[in-house]
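J.: Questions regarding the structure given below will be posed in turn.
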Amino acid sequence: MDKIRYDENSPKLINSIVCAIDILGFSQMILDSCQNDLGNKLLNEINHLIEKNKKCIVPNKFSQGKIKIFTDNMVVAYPINQDGEAELNEVLGNVAEYQFNLALEGLFVRGGISIGKFYINDDIVFGPALLDAHFQESQIACYPRIVLDDKTVGQLQKYIQNYNRMPDDHIILIDTDGKWFISYLNTIFKYYKVCNNEYEFDIVQIKLLEKHKEKLEEMLLKHQENIFVWDKYVWTANYHNFFCDLYFPKEKGLKISKHLLLSWPRQISNGDY
């Protein structure tokens, strides 16, 4: 049986899994770079990073997934075949890897995932699933997290009931507000196939988490005077620390220090007036 795909010659809406992704703070990055005459440098850096990392979204020519990129936004879509479990697993794993790779470069993203009618080709993205995914990204995610809407959560719950386990090594977490989101740090467990032994695998994982920590600390210090932006990286740092406590409890040095995650008042001094 041929797999369902987006037909370039006969456009029609197809039941799909759709993910909308946005790079946090990218508009400000554009303004700052252009004011400092560094617009071309930023353009080339972003182009290189996205071109390098988008390959994990649609990894090969046999994948039915499609992507559309415009500046800091990306739409990822997979047409659903049969019950959609294979496509959902592929989307979650691939998007997590993309989010993780960009985070290691200091680019943190937020996004939303929905299931519904959708169509995509080289010129157009169209359908209610895109509107739902964009709503999750722009209005619900808030922090550098990719959240699942109720329809996607319902699909995952069916998966759990059928197989009595979560897909893809617990790649989904539930946040304090009840939203399900992708645990992109689980991507480090994919690196086992490129390591020669268990010891080397452990070293690779720790080095990746150290790099993630370093980038987050840079963002926390950079935005400490902008409470609205700083709070988004505090959320991500708390997620980082949760992940380290869960999988690397003995590696205390991997965690981000609490003093970077707290905002304390101070008394007025002579230099303030």
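J.: I want to confirm something. Restricting to the range 152-181 and keeping residues that are among the basic types (Lys, Arg) and at pLDDT below 95, which single residue is surrounded by the fewest Cβ atoms within 10 Å (Cβ to Cβ)?
T.: Result: Arg165.
J.: How about the range 53-71: which of its residues are modelled with pLDDT of 80 or more and either in contact with a helix residue (DSSP H, G or I) (Cβ under 8 Å, 6 or more places away or on another chain) or not assigned by TED's automatic domain parsing to the domain that holds Asn121 (or both)?
T.: Cys56, Gly65, Ile67, Ile69
J.: So which of Tyr78, Tyr6 is touching an Asp or Glu at 6+ places or on another chain (Cβ under 8 Å), under 21 Å from Thr152 (Cα atoms) and either modelled with pLDDT of 85 or more or not assigned by TED's automatic domain parsing to the domain that holds Ala141 (or both)?
T.: When all the criteria are applied, what remains is Tyr78.
J.: On the given criteria, is Asn94 within 21 Å of Leu49 (Cα to Cα), crowded, with 21+ Cβ neighbours inside 10 Å, without any contact (Cβ under 8 Å) to a residue 60 or more places away in the chain and in the same structural domain as Lys179 (by TED's automatic domain parsing)?
T.: The answer is yes for Asn94.
J.: Find all pairs meeting these conditions: Cβ atoms under 9 angstrom apart; at least six residues apart or on different chains; first residue within the range 21-35 and modelled with pLDDT of 85 or more; second residue surrounded by fewer than 17 Cβ atoms within 10 Å (Cβ to Cβ) and outside any helix (DSSP H, G or I).
T.: Ile21/Asn73; Asp22/Asn73; Ile23/Thr71; Ile23/Asn73
The values are calculated or read from the model by the stated rules, or taken from the named source; none is laboratory data. Given the structure is predicted, the values throughout are model-derived calculations rather than measurements. All Cβ positions, even for glycine, are placed from backbone atoms using ideal geometry, and neighbour counts span all protein chains on display.
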